[in-house]
Structures are given as structure tokens and as C-alpha cells.
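Student: Mind looking over this structure? Questions follow.
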Amino acid sequence: MSMHRPRLFAIALFCVGVMPLAHADAIKDRQIKCDNKLLATINLADTIPYRDDDAKTKGVSVSGGAVATNMLKGELQWIQLIKTTDPFNTATPANTPYFDPGENDPKGVNYPFYWNYTLKARDGNEYPQFYYKNQQTDGGLGLNFSDKPSREYLRGAKTWQAQLSLVCFLGNKIGVLWTGSYGFAIDKDGNNVVNGWKELANPEWLTQAALDARYGKNTFLLNTDCAECLVPSAPSIALLAASGLLMGRRRR
């Protein structure tokens, strides 16, 4: 959230829907497919320059969401990392990526997701507006995303950039479905320059090392292969069941 305030697996299936693209005003009906199976559709609106009425605080406003199909394993979550010259609610140095919300945000929880994974936050209070269950749509298959990051202009240039990832979450496993970046910059004259959406082939800041450093080694296990999010096909399930039965017989 902004100042307003959420084992690697060797599986090789071709995932489409995450090729790098140029800056875009909006992400419309972006289909995320894995092994030619549709896992989710993303819609993110135009990035809009944001400022308070006093014209000193400037930034960007973003909104949208994603909806999963029944081929998605686990549940949808958003993960956002920020790199800025002016970090908030974190001990992370300037221009170093950190998970949003920062570890010192009393309204956050100890999960890497943008929306809180529990209703009660670090300060012991409940924040239903940040609770992911209250951001779900489409009977729990969809999940909204919105943010209004901003910084105050104080006669000095500032930058704010985010990498937003749509992931599936199951147990402690995180599978990456899509990553895009957006942000804004305030130049030395106070002009607000908004960076539109740019899709990335893979997350650059969301890594296993970043998760380990923030949450403890192997607390969350990251896989950038979309196969982690794919429900196994019926033949695969039958094969696994047969293998288990055979192993059971051998143990006897």
C-alpha cells in the first residue's frame, strides 16, 4: 500500500501472457495462459496523475483487478515491491526495493501480499478495508487492486517506482503469473511525470532471496514458472495416484 495506508520447483511448462511489452496506458483483458490453459484475466486502468488540492503532494492513481478460472491452483494474490528515493514505513535504504506495505507499517501483516492476509494487523486492530477477502470479486475468483502512491514536493526531485505481480498462493508456495511496473517522478521544478504500465517477462525485484531476507529462509517458496499455479490434468492426477499405489505395494 502507499503512504495512505498489502522451494524452487523444477517444472518446465511453457507459459504465455508474460512477454515484455512497451509502456501501455492500460492492461485490457490480458489473458494469462499456462500450457495453453487460461488461468486468469487481468484488467488494469490507465495510470492517472494524482495530487492533493494543495498541489504539493503528487503521485499516481491506479486501479483494476484480475479474475481466475477454475484451472488456477490456490488463490490469487497481488505482491507489490517499491523502489523510491523517499521510503515509508521501512528501514530499507532509498532506491532499494521493499515489500509494500513496509515492515514498519502498523496496518500491515507479516505476509508478502499487498492486501492483508489476516483481518487483524500488526498493531492488533482490524482493518477490513485492507483485508483481501473484502477485495475479492466474482465469488472469490477475482481480486481488486488499487493504489494512490504519492510524495510531497519540497523543492527536490523524487522518484517512486513499483513492480506489481499477480501470483497464486497455496500453503507457503507462491507462483508468479504476471508482473508489470508503473510509477511517477517529481522533477526539480515540481512537475509530476507518470510512468504508464510496462509488462515484464519476469519479476526483477520479487525473488527468493528477497522473500528470505524479509520473512525468513524458505518461509515462502517462490516459483516463477506458471506451472506452479496450474491445476494438474486428470491423466496426471491418475498417474500420481497409480504411482502412490505402486509405492505402497512395494513397501509391503
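Student: I'd like the full set of residues that are surrounded by 21 or more Cβ atoms within 10 Å (Cβ to Cβ), within 25 Å of L211 (Cβ to Cβ) and of a type in the set (S, T, Y), limited to region 33-91.
Tutor: T84
Student: I would also like to ask the following. Is region 88-108 home to any residue that is within 15 Å of W205 (Cα to Cα) and aliphatic (A, V, I, L, M)?
Tutor: Yes; the residues of region 88-108 include at least one that is within 15 Å of W205 (Cα to Cα) and aliphatic (A, V, I, L, M).
Student: Output the qualifying pairs, or none if there are none: Cβ atoms under 8 angstrom, residues six or more apart or on different chains, first residue in region 222-243 and under 12 Å from K37 (Cβ atoms) and modelled with pLDDT of 90 or more, second residue surrounded by fewer than 11 Cβ atoms within 10 Å (Cβ to Cβ) and of a type in the set (G, A, S).
Tutor: Note: pairs meeting the criteria are A227/A12.
Student: Given the criterion modelled with pLDDT of 95 or more and either touching a helix residue (DSSP H, G or I) at 6+ places or on another chain (Cβ under 6 Å) or polar (S, T, N, Q) (or both), identify the matching residue among K73, K83.
Tutor: Result of the check over K73, K83: K73.
Student: Here's a follow-up. Could you tell me whether P6 is in contact with a Pro (Cβ under 7 Å, 6 or more places away or on another chain) and modelled with pLDDT under 95? Before the answer, list the steps.
Tutor: Values: in contact with a Pro (Cβ under 7 Å, 6 or more places away or on another chain): yes; modelled with pLDDT under 95: yes.
So P6 passes the test.
Student: Related question: Can you work out which of the residues in region 66-104 that are among the charged types (D, E, K, R) and within 28 Å of D187 (Cβ to Cβ) is farthest from the chain's Cα centre (by Cα)?
Tutor: Our first condition is that a residue be among the charged types (D, E, K, R); within region 66-104, this holds for 73, 75, 83, 86, 100, 103.
Narrowing further to those that are within 28 Å of D187 (Cβ to Cβ): 83, 86, 100.
Values: K83: 14, D86: 21, D100: 9 Å.
My answer is D86.
Student: May I ask you to verify whether L143 is at pLDDT 95 or above, over 29 Å from A94 (Cα atoms) and assigned to a strand (DSSP E or B)?
Tutor: On the way: at pLDDT 95 or above: yes; over 29 Å from A94 (Cα atoms): yes; assigned to a strand (DSSP E or B): yes.
Yes, satisfied.
Student: With respect to L166, determine if the residue is surrounded by 19 or more Cβ atoms within 10 Å (Cβ to Cβ), in contact with a helix residue (DSSP H, G or I) (Cβ under 6 Å, 6 or more places away or on another chain), within 28 Å of M71 (Cβ to Cβ) and of a type in the set (A, V, I, L, M). I'd like the intermediate steps shown before the answer.
Tutor: Working: surrounded by 19 or more Cβ atoms within 10 Å (Cβ to Cβ): yes; in contact with a helix residue (DSSP H, G or I) (Cβ under 6 Å, 6 or more places away or on another chain): no; within 28 Å of M71 (Cβ to Cβ): yes; of a type in the set (A, V, I, L, M): yes.
So L166 does not fit the description; no.
Student: Looking only at residues that are small (G, A, S) and part of a helix (DSSP H, G or I) in region 94-140, which one is surrounded by the most Cβ atoms within 10 Å (Cβ to Cβ)?
Tutor: Within region 94-140, the first condition is being small (G, A, S), and the residues that meet it are 94, 102, 108, 121, 124, 139-140.
Okay, now just the ones that are also part of a helix (DSSP H, G or I), so 139-140.
Numbers: G139: 7, G140: 11.
Once the filter is applied, the top-ranked residue is G140.
The values are calculated or read from the model by the stated rules, or taken from the named source; none is laboratory data. Keep in mind that this is a model prediction, so the values were computed, not measured. Quick reminder, even Gly has a Cβ in these numbers, built from the backbone with ideal geometry, and neighbours come from all protein chains shown.
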